[in-house]
Amino acid sequence: MESNRIMKKLIIYFILFSLPVISFSQSTAEESDNTSEKGLQYVKTFIESLADEDQALDVILSQHVIVQHPSDELYDYLEVSLQEIRINLSTKDLSQISYKGYHELPRKEVSDIDPENLNTNNMYFLYYKNRLITSIYVIDKKIGSFTLVSKGENLAHFVTY
């Protein structure tokens, strides 16, 4: 009888102490999903703007891209890079582009990407008919990078501007 009472108390204590942990885990997962969905929306808006030939590249750059270390050379480089993506998009049906997050890709496809302390929940990869178009990293409601480059040793990383 006494052991049953002790067992009930232990179970109650266990439940009471684990509830905050369970609640925290759920809210963290929900926040992560919500952040990922918002990031995906920024990426889609960016791609729609790029696909619109009537929108000037410098305007797209100022509205959608974070440039932390501005210089004339960097802006020139970014505009040329945006133009390349625009040309690539011009031959595509935007509705057929699939947007995949880092964690949605098979391990084989991301094994050569070094996140370098960047949040992988903010990494997006755009595919058209199973071919990679571009890779995008989102920072603070804007595009932090659309440049994934080799860093040697068979690894690539996002270059932030």
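Every read-out reported here was derived from the displayed coordinates using simple, explicitly stated rules and does not represent laboratory data. Just so we're clear, the structure is a prediction, and the values are computed from it rather than from any experiment. All Cβ positions, glycine included, derive from the backbone under ideal geometry; neighbour counts span all protein chains shown.
Between Gln41 and Asn154, the FRET efficiency from the beta-carbon distance, with R0 = 22 Å, is close to 0.10. Among 47-56, 148-157, sorting by the average number of other beta carbon atoms lying within 10 angstrom of each residue, highest first, gives 47-56, 148-157.
The slack between Asn117 and Asn130, meaning 0.36 nm per residue of separation minus the straight C-alpha distance, is 1.9 nm.
Backbone geometry of region 121-134 corresponds, through the Karplus equation with coefficients 6.51, -1.76 and 1.60 at θ = phi - 60°, to 3J(HN,Hα) couplings of 5, 9, 9, 10, 10, 9, 10, 10, 6, 6, 10, 5, 8, 7 Hz, x marking Gly and Pro.
Ordering His157, Ile97, Ser62 by the projection of their Cα atoms onto the charge dipole of region 39-161, which places +1 on the Cβ of Lys and Arg and -1 on the Cβ of Asp and Glu, puts Ile97 at the extreme positive end.
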